[in-house]
Amino acid sequence: MAWIYIIIAAVFETAWTFSVKFFKLSDLKLLTWHNFYRVDISFPLLAPLLGYILFGVGNVYFFSLSIKELSTATAYAIWTAATLVLIKIAEISFFNKTITWTEAFFISLIMIGIMGLKFSVTLINQIP
């Protein structure tokens, strides 16, 4: 179950990263009592802040669940690597970024490393 928690935490971390990218503290100055309840004005300004809070809390929660079952170093390595891969996939899918052969090669190495850690932990748990 810890592996599922790490993947969920990585998804939350990816969403948190893009919330940070689109969050502008200076835009909050544009909110006033007169336009706070207008969805067309307030939602684009508040959505990154709400995402920052919600995705950040979700990330910390699921990551904390995973490190209760796995070693901290293994969980952190997998969480970081999975987040990097998910961020690149999101950039390609949603933001029309390109990927070079070099990036694809190194991302595949990251994925191989994640699988290697998964299988090594599974093998260690099977030793009596």
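Readers should treat all values here as calculations from the given coordinates under stated rules, not as data from a laboratory. On a predicted model such as this, the values are computed, not experimentally measured, just so you know. Glycine gets a Cβ as well: all are built from the backbone with ideal geometry, and neighbour counts include every protein chain shown.
Loop-located chymotrypsin sites (Phe, Trp or Tyr not before Pro) in segment 74-119 (DSSP state not H, G, I, E or B) with no more than 15 neighbouring Cβ atoms inside 10 Å: F95.
The phi-based Karplus calculation (6.51 cos²θ - 1.76 cosθ + 1.60; θ = phi - 60°) puts the 3J(HN,Hα) values of segment 61-75 at 4, 5, 5, 5, 5, 6, 6, 6, 10, 10, 5, 4, 5, 5, 4 Hz, whole numbers, x for Gly and Pro.
How much FRET efficiency would the formula 1/(1 + (r/R0)^6) give for I4 and D27, where r is the Cβ-Cβ distance and R0 is 41 Å, rounded to 0.05? After rounding to 0.05, the efficiency reads 0.70.
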